[in-house]
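Written below as C-alpha cells is the structure these notes are about.
The values are calculated or read from the model by the stated rules, or taken from the named source; none is laboratory data. Being a predicted model, the structure only gives us computed values, none of them experimental. Glycine also receives a Cβ, built like all others from the backbone with ideal geometry; neighbour counts cover every protein chain displayed.
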Amino acid sequence: MSEAGGNAGAAHNQASSAVRLTAIRIRLNGSAVADDVPPRLSLADFLRERRNLTGTHLGCEHGVCGACTVLVDGEPARSCLMLACACDEREVETIEGFAGDPVIDALRRTFHQHHALQCGYCTPAMLITARDLILRQRAGSAREIRDGLAGNICRCTGYTNIVTAIAEAARELRRGAANAQ
Amino acid sequence: MKAPAVDYVRPGSLAEAIDLLAKSQDEARVIAGGQSLVAMMNLRVAVPRLLIDIARLPELTAVADDTEAVTLGACVTHAAIEDARIADPSRGLMPKVASGLAYRAIRNRGTIGGSLALSDPAAEWPGVLTALDAEAMLCGPTGRRSLKCAEFTTGIFETRLGPDEIVESIRIRKLSPEARWGYVKLCRKSGEFASALAVVVCDRALGYWRVVLGAANGAPLVLESASRVVSEGAMGQLQEAVRDDLDRAADRHFDEFQLNLHTVVAMRAAQQALS
Amino acid sequence: MPNDAYGVGASLLRKEDNRHLHGRGQFVADVKLPGTVDVAFVRSPHAHARIRSISVPPEARGHVFTAVDLPRVTPIRVVSHSTGAKSPPWPPLATDKVRYVGEAIAACVAPSRGEAEDLAAAVTVDFEVLEPVIDPVRDMRGSRHPVHEHWGDNLYIEHALQAGDVGAAARAAEVTLTREFRMQRQSGAPLECRGVLAYRDHRLDEVVLYASTQTPHTLRVALGEILGLEERRIRVVAPDVGGGFGPKARLYPEEIILAALALELDRPVRWIEDRGEHLLATAHTRDHHYKATVYADRQGRILGLDAEIVVDAGAYGLWPQGPYHEAGMVARALPGPYMIPNYRARHYTVATNKTPLGPYRGVGRPGACFVVERLVDEIARAVGREPNEVRTLNLVRPEQMPFTTISGMRLDSGDYGASVKLCAELLDLPAIRARQLQGEPDRRLLGIGFAAFAEQTAHGAAEFAARGASIIPGFESCTARVLSDGSVVLMVGIQSHGQGLETVLSQVAAEELGIDPACISVRHGDTESTAFGFGTFASRSMVMSGGAVARASRMLRDKLCRIGAHLLQCEVAQAHCADGMVVGPRGAVPIAEIAKVAHLRMDGLPQGVDPLLDATATYEPAISTGVFSYATHGAVVAVDADTGFIELLDYAVAEDCGTMVNPMLVEGQIRGGVVQGIGTALFEEIPYDEGGQPLAGTLADYLMPGAAEMPAIKIGHLHTPTPHTEYGMKGMGEGGAVAPPAAIANAVRDALFSVGAEVNETPLTPRRIMAAIRKAGEAHVRT
C-alpha cells in the first residue's frame, strides 16, 4: 500500500488511486531541495517526515496553536496549513536554519537568560514569531509583544518571561544598530 | 488529523483555472491562501478531489487604483492590507480590520477573496465589505459579472458564487476625506473569530450611511433602521432602531445574550463613527 | 566558582534550553526508525452504544486490528482498597460496548498517518445506540441505561466525613450562607499531545516503547500486567515530553495497543495523537458540582462548613489510581488553610458517558479553593467587612503550627496571614479601592479579589495508603555515579518534562559534592538506565527526587572522602568535598584523580574500600502525609457589564514553598501554573450536549490563554523552610494553578457587587456573567 498506488480509504478510494505525485523545488534553509510529494502532504509533514527537520512541531494542525510556524518567502506561516506542493518555488526557513542570524541569536540568548521556555515544544515557533515582531518593529512595548504573540500558545511559561526576553532582545538589537551608526 | 488524498494543479492563468474548475464537476476546490480550506481538509470537513491553486495568478494579486475606487485582486493577503502595502480606499478601516484578523502567520497567507468566497459567518471581511458597499467581480466560463458584497453572501458558508466561478477581484469605492467609520469586534481571545462584530460607515459627501453586523448566524446583517438613524444623526433613537432591526431578523434565532451583544457593538461602532 | 553560584538557592540557567532553542529537542514524533508504520484509531462517535458488528472492507484486512485480533491484550483494571469502590474493566479496544465519544474500537496501520486515517474512515461499525448518562447529579443513583450495566447505579464510590458538630454550628450561626458551585470539564492540553512509538528489539529480546508520558516506570508495570510480559522484556522511554500537567501520568489504551501491535507486526509502529483526539481521548479534568453551606458569627468567624461534592468522573477509571481520589481530595482540601471547628462533607464520584477524568495540575484543590474562598468572600459581604479581614481572621496562625485541620490535613509551617498581607501589597489594595470610588473612564467595573490556600505536596506512603491506593508512590530513587574522569551522572527514576529537573537536580548534587553542575549529567525517563521511580506529579519531584539525589550524592561524597583522605594521608573526618576536590588539612586532591583511582588504578584505594563510585538511594520525607506550601493569589479585573467581557488587569502571587533550590525555576512554575489556572477561570471548557457529544473538538472551540490576554504576573516570596525535608524544600509545581479561579471569581464578584451579581461557575464566560447580572436584576425587581 502506498500513497501513489491507491489505498483502502472509503470515500477516497477512487480519488486516492488517481492521485499523482507533484514535483516540487524548494529553497530550504538556503539549499535547493527537490522532491515528489503527494498533494495532501502538509509543509509541516514534508519538513518533519521527509527532511527530518523535526524542530517544527505540530500542536493542533488547524492553525491555532502556532507551534508549526516557519518562514515562507521570509514571512511567518503555519506549516500545518500549507501544502508542500503549494510551496514549489518558494523559500522556506525553519529553526534549523537561521545560521548567523543576529536576531535569532539574540533571542536564543535572552530566552535562555530569562527562562522563557520550559518543555520547549512551542519554542522554535516562538523564536521565529518573535524575530518577525522585532524585524517589523512590533516589539516596542510589552503590550505590542503580547498582541504579536497572540497566535503562539505556550502552555508552560505563562508568557511573562517570553515577553521579557523578546523585549530585551529588541532593546539589545536597537542598541547594536544605534552603535553601528 | 491529516488531509484526505487529493489532486493538485497550479494553472498559469485565470482562464485556465476557470476551465479546470468547469471541467471538475463540483469535485474541485479553488485554493488561494488555504488558511481555512487546509484546516477544513485536515479536519476532513472538506474533502475535495482536486485543488486548483490560484494564489500566485498575477490577475488575482493585482491592485488597481482609479479616481473612484480601489480594486483588490482576490488573492491580496490580509497582511498586505494590514501593512497598507496597497492602496487603502477605506481611510484606515480595512487595515484596522486586517490587523485583528486571526494571527499574523495566517494573515501572511490568507486572502480577502478567499475569506469572501468562504463566507464563514464569524469572519470579518463579508461584513466589512458589505459596510463599504463593495462589489465582487466574479469570473466564470461565460464571462464576468459583478455583484454587491451585500448580496454575495446568502447564509452560513453560502454565497451566490457559481460552482464554476472564481472571485477575481473586489472593487471598493473610496471613502471621501470627511468619511467616518466605526469598527467593534468582540472576541474572547485575540485573533479568534468574533462573538459579535459591527461596522458603521458614514460618508456624508457620498450620501452613504450603513450599519452592518457580522457574526450574525448567517450573512452579514445590514441594519436598515439603524443606518437611517445614523444618517439623521439621531443617536438618541439608535438603540431602539437597532432593536427593531434585530426583531425583524427573527430568522437568525438570536438568543437574549446575542441580542444584547449585537446591540452593544452596533451602538459602540456608531458612537465611534460619529464621535 | 563558589558553591552559592550553582548549589541550592542559585538561579542557575537551564541545561535543557540549548537543544530546544535550536530545534534539537527529541519528542516522540521526532524519533525516526526505518520501516515505521503509522497508526490511526477508529473511535466511537456515540456516547453510549452496543457494538453489534465491526466491518472491515476486504482490501483493508490485515491492516485493521480490533480486540479479537489482539488476544494477548487484557482489560485495564484498577484496584482500589477503598470500601465500596467499584472498578469496571476497560478493554483497550472496545468489545461489546462503547461508553464515551472517542473510545478506541480498532487500530488501523498504514505507511503514513494520512493513509491510516483513510483506513479508519473505511471501517464501519454497527451500533445500537443507548441513552447516555450525562448528568451526574441526576443520574448517580441509576438511569435507564447505567454506564456499567451490572452496577445498577452509576456510582464509582461515595463517602462521607464528619468532624465536630455541624448541627451545633448551624444553631449558633449568625450568618448562614448556602451556595452552589460548578467547575466545568476541561482538558489538560499540553502543547504536545500524547504519542507512542513501539518496536521489538530482537538483540535484547524486549519491546521498546517511546511514549510521551510522565511515568515511564509505572507504565512498564502496567504493560507487563496487561500484556502478560515480564518487565525485563519491556523498556519504556520518555524522551523530551512537551508538557504533561497530569494527564500524561496515567496509562492509556493506545500505549497498550501500540506495544501489542509491535509484537504482532514485528515492525516499528507509531501513533501520534492529534489535537482532536487529545480533546476526546486524553483524560479530561475538573468537572465538579458543589453545594455548600457555611456558618459564621457576625465578625465573620467560620463556625462550620457542610458540603456535598459530586465529581463527574466519566466512563472508566484510569490506571493506576482510578477515579477514586479526586472527590476525597476535594473533601479534605475544602477547609483549606482555615480554622473551621465543625465540618461535614459527603462526596460522590459518578460514572457518566464522557471521557474518563484524570489528574490535572492541582487535581481537587482548585475546586476546593474556589468553594471555600468564594464563601469567605460572601461571609465578608454578609458581615460588611473587607474580605481579607475575614480571611485573616480565620486563617491558621503561625504559632498554631503544626496544625491539623478539621479534615485531618497536618499543616506543617508558615505564616498564612503574611501571604495575604503581602499579596494585597503587591496589588496595592488601597489604591484599587480608591480607584473604584472614582469609577473607570470607560464605565467598566473594577474589581479586586484574593484567594488563599495551603497545598499538600510531596505526599507519600501514609497519604496514598489512606486513600486506598493499590500503587503507593512513596519514594523516588537516584543512582549517582562518578565516572573515571570525575564527571558525574545522576540516573533518576523521576521524569522531567519542562520543570528543569536536569538543571535543578544537578544543583543538588553540586551542593553535596562541591562539583560544578556543568560536569553533571542527569538521566531520566528511561527504565533501562534508571532505578524504579514513580514519575512527576503531585508536586513531588524536587522533594522526593531531590532528596534521593542528596542522599546518593552524600553516599558518594563519603566514599570520595575516604579515598581522598587516604591519598592525602589524613583522617576521613578531616576531609571534605569542595571546588571539585577532596580537601584535607594539608592539601587537596581533585575528584578526577580519586575517580581514576576508583576505576583505573585500584592500587591507590585504601584497604577495605571497593572500586567504583556508584551509589543508589531512595528518599521519602520523614512525614509522608505531605508538606504544605501556601500562597495568596490576587487579581484585579475590569468587567464590561454591558457585554460580560472581563479583562484581567493585574495578578499577584505571594507564596512560600520553603527553601527554593532554584528561585528562577520556582517562579517559572508559579507563572505557568497561574496561567493554566486563569484558563480554568476564564476560558477552558468542554461542554457536552444532551446526547453526550463533546462540543469542543478543536482549539477554535477550546480556548487556551494567549499572551495577549495575560497580565505580567507579580510574585512575592515568604521563606519558611519545613523541618521535614532535605534543605527545607516544599513541593510547589501545582500551586500556581490552584487559586486563580477563586481569586478571579472573587475579583469579578467585587466588580459586580454594585449590581448585586455573584459568579459561582467556571469558566466565567461573558454569557455566564450576563446571566448573573440578569439574575441579580430580577432578584432586585422581586425585592
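Give me a count of the residues in the stretch C:7-27 that are assigned to a loop (DSSP other than H, G, I, E, B) and either of a type in the set (A, V, I, L, M) or touching a residue at least 60 places away in the same chain (Cβ under 8 Å) (or both). Result for the stretch C:7-27: 12. Remark: C:Glu206 matches the filter, which requires a residue to be touching a helix residue (DSSP H, G or I) at 6+ places or on another chain (Cβ under 7 Å) and not aromatic (Phe, Trp, Tyr). When C:Gly533, C:Gly546 are checked against the criterion of being at pLDDT 95 or above, closer than 20 Å to C:Met732 by Cβ and part of a loop (DSSP other than H, G, I, E, B), C:Gly533 stands alone in meeting it.
What tally of residues in the stretch C:238-266 results from selecting those that are part of a loop (DSSP other than H, G, I, E, B) and away from chain A (no Cβ under 14 Å)?
4
Hey, could you check the stretch B:121-136 for residues that are assigned to a loop (DSSP other than H, G, I, E, B) and over 9 Å from the mean Cα position of the chain (by Cα) and say which is farthest from the other protein chains (Cβ to nearest Cβ)? Only one residue tops the list, namely B:Asp133.
Just one of the listed residues (B:Leu138, B:Leu93) is closer than 24 Å to B:Phe193 by Cα and outside the structural domain of B:Val30 (by TED's automatic domain parsing), namely B:Leu93. Only one of the numbered conditions (1) aliphatic (A, V, I, L, M); (2) within 14 Å of another protein chain (Cβ to nearest Cβ); (3) in contact with a strand residue (DSSP E or B) (Cβ under 7 Å, 6 or more places away or on another chain) is violated by C:Leu13, and that is (3).
Residue by residue, here is whether (1) surrounded by 24 or more Cβ atoms within 10 Å (Cβ to Cβ); (2) closer than 18 Å to C:Gly668 by Cβ; (3) not aliphatic (A, V, I, L, M) holds:
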site	(1), (2), (3)
A:Leu107	yes, yes, no
A:His114	no, yes, yes
A:Gln118	yes, yes, yes
A:Tyr121	yes, yes, yes
A:Ser141	no, no, yes
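Here A:Gly120 clears all of (1) more than 12 Å from chain B (Cβ to nearest Cβ); (2) under 24 Å from C:Gln676 (Cβ atoms); (3) part of a helix (DSSP H, G or I) except the condition numbered (3). Can you find a residue that is under 19 Å from the mean Cα position of the chain (by Cα) and under 17 Å from B:Val242 (Cα atoms) anywhere in the stretch B:187-196? Scanning the stretch B:187-196 turns up at least one residue that is under 19 Å from the mean Cα position of the chain (by Cα) and under 17 Å from B:Val242 (Cα atoms). Residues in the stretch C:107-123 that are buried (at least 23 other Cβ atoms within 10 Å of the Cβ) and either over 9 Å from C:Val42 (Cβ atoms) or within 14 Å of chain A (Cβ to nearest Cβ) (or both): C:Cys108, C:Val109, C:Ala110, C:Gly114, C:Glu115, C:Ala116, C:Glu117, C:Asp118, C:Leu119, C:Ala122.
Is it the case that the stretch B:157-176 has a residue that's surrounded by fewer than 18 Cβ atoms within 10 Å (Cβ to Cβ) and in contact with a Gly (Cβ under 7 Å, 6 or more places away or on another chain)? There is at least one residue in the stretch B:157-176 that is surrounded by fewer than 18 Cβ atoms within 10 Å (Cβ to Cβ) and in contact with a Gly (Cβ under 7 Å, 6 or more places away or on another chain). Considering C:Gly474, C:Gly408, the condition of being under 27 Å from the mean Cα position of the chain (by Cα), buried (at least 19 other Cβ atoms within 10 Å of the Cβ) and either among the charged types (D, E, K, R) or assigned to a loop (DSSP other than H, G, I, E, B) (or both) is satisfied by C:Gly474 alone. Of the helices (runs of 4 or more DSSP H) lying entirely inside the stretch B:38-114, those containing at least 1 residues that are within 14 Å of chain A (Cβ to nearest Cβ) and farther than 20 Å from B:Leu21 by Cβ are B:78-82, B:93-99, B:104-107.
Conditions (1) free of Cβ contacts under 8 Å to residues at least 60 places away in the same chain; (2) closer than 30 Å to A:Arg48 by Cβ; (3) not hydrophobic (A, V, I, L, M, F, W, C), marked per residue:
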{"site": "C:His63", "(1), (2), (3)": "yes, yes, yes"}
{"site": "C:Gly102", "(1), (2), (3)": "no, yes, yes"}
{"site": "C:Ala122", "(1), (2), (3)": "no, yes, no"}
{"site": "C:His150", "(1), (2), (3)": "yes, no, yes"}
{"site": "C:Leu155", "(1), (2), (3)": "no, no, no"}
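For C:Gln574, the stated conditions hold: it is more than 20 Å from C:Cys519 (Cβ to Cβ) and within 46 Å of the chain's Cα centre (by Cα). Residues in the stretch A:163-178: is at least one out of contact with any Asp or Glu (no Cβ under 6 Å at 6 or more places or on another chain) and in a loop (DSSP other than H, G, I, E, B)? Checking the stretch A:163-178: not a single residue is out of contact with any Asp or Glu (no Cβ under 6 Å at 6 or more places or on another chain) and in a loop (DSSP other than H, G, I, E, B).
The single residue among A:Cys156, A:Cys85 that is in a loop (DSSP other than H, G, I, E, B) and at the interface with another protein chain (Cβ under 7 Å from one of its Cβ atoms) turns out to be A:Cys156. When A:Ala130, A:Ala165, A:Ala177 are checked against the criterion of being more than 14 Å from chain B (Cβ to nearest Cβ), crowded, with 24+ Cβ neighbours inside 10 Å and aliphatic (A, V, I, L, M), a single residue qualifies: A:Ala165.
Okay, residues lined up against (1) more than 14 Å from chain B (Cβ to nearest Cβ); (2) under 21 Å from the mean Cα position of the chain (by Cα); (3) over 28 Å from C:Arg77 (Cα atoms); (4) part of a loop (DSSP other than H, G, I, E, B):
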position: C:Leu279; (1), (2), (3), (4): no, yes, no, no
position: C:Tyr295; (1), (2), (3), (4): yes, no, yes, no
position: C:Gln299; (1), (2), (3), (4): yes, no, yes, yes
position: C:Ile309; (1), (2), (3), (4): yes, yes, no, no
position: C:Asp312; (1), (2), (3), (4): yes, yes, no, no
position: C:Leu318; (1), (2), (3), (4): yes, yes, no, yes
position: C:Ala327; (1), (2), (3), (4): yes, yes, no, no
position: C:Gly336; (1), (2), (3), (4): yes, yes, yes, yes
position: C:Val363; (1), (2), (3), (4): yes, yes, no, yes
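Report, by residue number, each residue of the stretch A:46-56 that is buried (at least 24 other Cβ atoms within 10 Å of the Cβ) and within 8 Å of chain C (Cβ to nearest Cβ). Matches in the stretch A:46-56: A:Gly55, A:Thr56.
Taking the stretch B:23-45 as the range and being within 25 Å of C:Ala120 (Cα to Cα) and without any contact (Cβ under 8 Å) to a residue 24 or more places away in the chain as the test, the residues that pass are B:Glu27, B:Arg29, B:Ala39, B:Met40, B:Val45.
It is to be established whether one or more residues within the stretch C:718-730 are closer than 25 Å to C:Pro136 by Cβ, among the aromatic types (Phe, Trp, Tyr) and modelled with pLDDT of 95 or more. Quick ask: steps written out before the conclusion?
As a first pass, look at the stretch C:718-730 and keep what is closer than 25 Å to C:Pro136 by Cβ: none.
Looking for residues that are closer than 25 Å to C:Pro136 by Cβ, among the aromatic types (Phe, Trp, Tyr) and modelled with pLDDT of 95 or more, one finds none in the stretch C:718-730, hence no.
Restricting the search to the stretch C:489-530, which residues are assigned to a loop (DSSP other than H, G, I, E, B) and of a type in the set (Ser, Thr, Tyr)? Within the stretch C:489-530, C:Ser496, C:Thr527, C:Ser529, C:Thr530 meet the criteria.
Might you let me know whether the stretch C:103-112 holds any residue that is assigned to a loop (DSSP other than H, G, I, E, B), assigned by TED's automatic domain parsing to the domain that holds C:Glu277 and under 27 Å from the mean Cα position of the chain (by Cα)? Yes, because at least one residue in the stretch C:103-112 is assigned to a loop (DSSP other than H, G, I, E, B), assigned by TED's automatic domain parsing to the domain that holds C:Glu277 and under 27 Å from the mean Cα position of the chain (by Cα).
Table: residues versus (1) surrounded by 22 or more Cβ atoms within 10 Å (Cβ to Cβ); (2) among the small types (Gly, Ala, Ser); (3) modelled with pLDDT under 95.
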position	(1), (2), (3)
C:Ala238	yes, yes, no
C:Arg270	yes, no, no
C:Glu273	yes, no, no
C:His278	yes, no, no
C:His284	yes, no, no
C:Ile302	yes, no, no
C:Ala313	yes, yes, no
C:Tyr324	yes, no, yes
C:Gly328	yes, yes, yes
